[in-house]
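For reference, the structure is listed below as structure tokens.
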Amino acid sequence: GFCSEVRPRPAPIKPPGTRPQAAAAITPPRVVPSAPPEIRPAAREEAAAETMAAVKRAYLAVYNWAVFFGWAQVLYFAVDALLRSGHEGVYAAVERPLQLAQTAAVLEILHGLVGLVRSPVSATLPQIGSRLFVTWGILWSFPETRTHILVSSLVISWSITEIIRYSFFGTKELFGSAPSSLLWLRYSSFLVMYPTGISSEVGLIYIALQFIKASEKYCIRMPNKWNYSFDYFYASILVLLVYVPGKPTYVHVHAWAAQEGACKLEDCVTY
């Protein structure tokens, strides 16, 4: 047999003017960004709790330092008036700042109710209520009591006590802790200022009784459309009787906590 010769197939002839075909470009795979991982519910709650804690501390710091400066103003005016004109002019010099600083303490009751502080309302309410009674129900309502020497001891005792107390809590909220010297001063000064403060409060209420009875101020007599009567004189006596027995327990708790260190400060002192 004959073997036929295998020849290669000739390349196709391209018409003139035809450009060579470029190689297909290689496109890199498209990277789709992944969605950010979802924040866990526990992490969200923790972040929210930290934010609320920071807001709470900022508010309490502002509150404490604002009231601190109020009481510092009261003390300055009281001492200045005492040196210039004697005890008769003390109340006139401190009346407005005293009313503002003492009335601001009403917020401390709200702080306890909403949980901003751990102080029980049962401990805060009697203390603040008794002071408001003396501030508004005695001194403001009966001008005859304003020139008594007990007003000077009352204002100075309240001022020193509150300046130390609010500076302690203001420092604690602002920096996270307070120096031990303020803690020592808090309790030591309290044991000195308490006898003068409580005796001044009780004394002024007792002195005001005669003016309350003579003026019949805030009294409601029958007959009236409400069929109700109220005697501010006997109400003041009742306040005085309830006011005194509760105070020794209050000072005993503070003295015991200061000497024995048996509980944390924020759990034992009225905020």
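The values are calculated or read from the model by the stated rules, or taken from the named source; none is laboratory data. Since the model is a prediction, treat every value here as computed from it, not as a measurement. Because the Cβ atoms are built from the backbone with ideal geometry, glycine has one as well, and the counts that use them run over all protein chains shown.
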Revision key, fill the gap. Checking Lys172, Lys213, Lys225 in turn, the sole residue that is out of contact with any Leu (no Cβ under 6 Å at 6 or more places or on another chain), part of a loop (DSSP other than H, G, I, E, B) and of a type in the set (D, E, K, R) turns out to be Lys225
Practice item. Name the single residue, out of those in the stretch 96-110 being free of Cβ contacts under 8 Å to residues at least 40 places away in the same chain and assigned to a helix (DSSP H, G or I), that is surrounded by the most Cβ atoms within 10 Å (Cβ to Cβ). Key: Pro97
Practice item. Pairs only if they're at least six apart or on different chains, beta carbon under 6 angstrom, first in the stretch 184-195 and at negative phi, second at pLDDT 85 or above and of a type in the set (A, V, I, L, M, F, W, C); list them, first residue then second. Key: Leu185/Ile164; Arg186/Ile164; Arg186/Phe168; Ser189/Ile164; Met193/Ile160
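Looking at the stretch 109-129 only, could you name the residues that are of a type outside the set (A, V, I, L, M) and more than 22 Å from Trp140 (Cα to Cα)? Break it down into steps so the answer makes sense when it comes.
Filtering the stretch 109-129 down to residues of a type outside the set (A, V, I, L, M) leaves 111-112, 115, 118-120, 122, 124, 126-127, 129.
Across the stretch 109-129, the qualifying residues are His111, Gly112, Gly115, Arg118, Ser119, Pro120, Ser122, Thr124.
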Check your understanding: Under 9 Å by Cβ, and 6 or more places apart or on different chains, what pairs join a residue from the stretch 216-240 that is closer than 20 Å to Arg131 by Cα with one that is in a loop (DSSP other than H, G, I, E, B) and polar (S, T, N, Q)?
Key -> Lys217/Ser141; Tyr218/Ser141; Tyr232/Ser141
Review point. Does the stretch 57-83 hold any residues that are surrounded by fewer than 17 Cβ atoms within 10 Å (Cβ to Cβ) and small (Gly, Ala, Ser), and which are they?
Key: Ala58, Ala66
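Residue-wise test of (1) more than 25 Å from Glu144 (Cα to Cα); (2) surrounded by fewer than 17 Cβ atoms within 10 Å (Cβ to Cβ).
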residue	(1), (2)
Leu191	yes, yes
Thr196	no, no
Glu201	no, no
Leu204	no, no
Phe211	no, yes
Ala214	no, yes
Check your understanding: Do we find that Ser152 is in contact with a His (Cβ under 6 Å, 6 or more places away or on another chain), buried (at least 19 other Cβ atoms within 10 Å of the Cβ) and touching a residue at least 24 places away in the same chain (Cβ under 8 Å) in this structure?
Key -> yes
